[in-house]
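S.K.: First the structure, which I've put down as structure tokens, then a few questions once you've had a look.
Derivation of every value follows stated rules applied to the coordinates shown; laboratory data play no part. What you are looking at is a predicted structure, and each value in this text was computed from that prediction instead of being measured. Virtual Cβ from ideal backbone geometry, glycine too; neighbours counted across all protein chains shown.
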């Protein structure tokens, strides 16, 4: 059996292979509600054989949305539509997961195909928040620096969203602490210039992330996995580094986090990122080797052979595919064929299965 198709048990959840659908914003919701687009988009990847599907960045509050079109889980009414999708995913042998996020200073923007620009309050946008009153782009409106009450609201919002996630049928939660969104903004010195208990030292800058984790753990079953996605480097001098990520991983391991999903960048617009095949895998590898923490690798993983090599050589425990899953919803079925491994196809598709 190719290692890519070996099962992986995390807590009480067993993944049938190592291929995961990475969270991908669809910008297709109205008032945060899931709809038929999400059912077909995510359901087809379950039919295609993925072991775990992580829903796109799902806002824990209205002000935490990247755009007005973001998926949300900030109110009870969101649960029913999501549960329809998680039930379908599970029925096809795939584990449903959700990425809970707060966009921080990168909130209140238009969706990419609507220009991607900041929406002012006069244009029905909303006041953004951040660790410090520093906009992502200098020309954009300044975010409001969160005070103690605002920080407590963020923590409470994540906790409430985690409780609703359980009601919606999710078996895995991933906290979005990457790509320049709020939790990343706090731990990166490029965006955090605070002088209180949430700024300055490494310990202070990671404090909000740890408090969010603790609040989520109060309502999330201990037998279900809790993942954290980080940006393992800011790719910018004076910013967060790979060494910082190793130090953070040790802390998260002690806090009971089950796996770190290793992405990079996104916190400053001028970062010089060496994009190429598997360009972020080295961070998943270093964290895994130096801390013993399970990791997921993401970033331009496009072929079965590449994915198999990452797992076989111990660089990561999971591979998370995003754009390749947009190109090939049935990537696991294709990968099994290319790696000469027999897996079960959906009965409705069995007649099309290649015979060895």
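S.K.: The stretch 298-356 to the stretch 185-255: how many Å between their Cα centroids?
M.R.: 32
S.K.: Taking the number of other C-beta atoms within 10 Å as the exposure measure, put 113, 220 in order starting with the fewest. Kindly include the intermediate steps, with their values, before the conclusion.
M.R.: On the way: 113 8, 220 20.
Least to most surrounded, the residues fall as 113, 220.
S.K.: Then there is this: Let me know the Kirkwood hydrodynamic radius for the stretch 3-348, please, with Cα pairs as the basis and the value in Å to one decimal. Please list the in-between numbers first.
M.R.: Working: mean 1/r = 0.0499 Å⁻¹.
Result for the stretch 3-348 stands at 20.0 Å.
S.K.: Moving to a separate point now. If R0 is 45 Å, what FRET efficiency do you get for residue 349 and residue 122 from their C-beta distance, rounded to 0.05?
M.R.: It comes to 0.30.
S.K.: Moving on to the next point. So if each residue of separation counts as 0.36 nm, and I subtract the Cα-Cα distance between residue 218 and residue 312, what length gain in nm does that give? Mind showing how you got there, number by number?
M.R.: Details: separation 94, 0.36 × 94 = 33.84 nm, distance 3.56 nm.
Additional length available on full extension: 30.3 nm.
S.K.: Among 8-19, 165-176, what's the highest-first ranking by average C-beta atoms within 10 angstrom per residue? Mind showing how you got there, number by number?
M.R.: Details: 8-19: 18.5, 165-176: 23.6.
Result, highest mean Cβ count within 10 Å first: 165-176, 8-19.
S.K.: On C-alpha positions alone, give me the angle between the axis of helix 148-167 and the longest principal axis of the chain, in degrees, nearest 10.
M.R.: Between helix and principal axis, roughly 20 degrees.
S.K.: Return one number: the angle in degrees, 0 to 90 and rounded to the nearest 10, between the long axis of the Cα atoms of helix 242-254 and the longest principal axis of the Cα atoms of the chain.
M.R.: 80
S.K.: Nearest 0.05, what FRET efficiency do residue 211 and residue 338 give at R0 = 35 Å with Cβ-Cβ as r?
M.R.: Values: r = 45 Å, r/R0 = 1.27.
Once rounded, the FRET efficiency stands at 0.20.
S.K.: Using packing as a proxy for protection, rank 182-188, 324-330, 337-343 so that the peptide with the highest average count of other Cβ atoms within 10 Å comes first. Don't jump to the answer; show the numbers that get you there.
M.R.: Numbers: 182-188: 27.0, 324-330: 17.0, 337-343: 14.0.
Per-residue Cβ counts within 10 Å, averaged per peptide and sorted highest first, yield 182-188, 324-330, 337-343.
S.K.: Highest GNM mean-square fluctuation, the chain, Cα pairs closer than 10 Å: which of 90, 285, 77?
M.R.: The residue that fluctuates most here is 77.
S.K.: Okay, next question. So for each of 273-280, 345-352 I average, over its residues, the number of other beta carbons within 10 Å; can you give me the resulting order with the highest mean first?
M.R.: On the way: 273-280: 13.9, 345-352: 10.8.
Packing order, densest peptide first, comes out as 273-280, 345-352.
S.K.: Return 195, 236, 86 ranked ascending by Cβ neighbour count within 10 Å, so the fewest neighbours appear first.
M.R.: Details: 195 9, 236 17, 86 25.
Going from least to most buried by this count: 195, 236, 86.
S.K.: Quote the relative contact order of the chain in percent (integer), defining contacts as alpha-carbon pairs under 8 Å separated by 6+ residues. Show your work: numbers first, answer last.
M.R.: On the way: 771 pairs, mean separation 59.5, N = 356.
17 percent.
S.K.: For a quick check, take a GNM of the chain with Cα springs below 10 Å and name the residue from 201, 215, 245 with the largest mean-square fluctuation.
M.R.: Maximum fluctuation in the GNM of the chain, among the listed residues, is at 201.
S.K.: Then there is this: Determine, for 69, 234, the number of other Cβ atoms within 10 Å of each Cβ, and report the residues in order from fewest to most. Spell out each step's value before the answer.
M.R.: Values: 69 19, 234 24.
Lowest to highest Cβ neighbour count: 69, 234.
S.K.: Sticking with this structure for a sec: In 10 Å bins starting at 0, how do the alpha-carbon pair distances of the stretch 231-356 split up by percent?
M.R.: For the stretch 231-356, the pair-distance distribution reads 12, 36, 30, 15, 6, 0.
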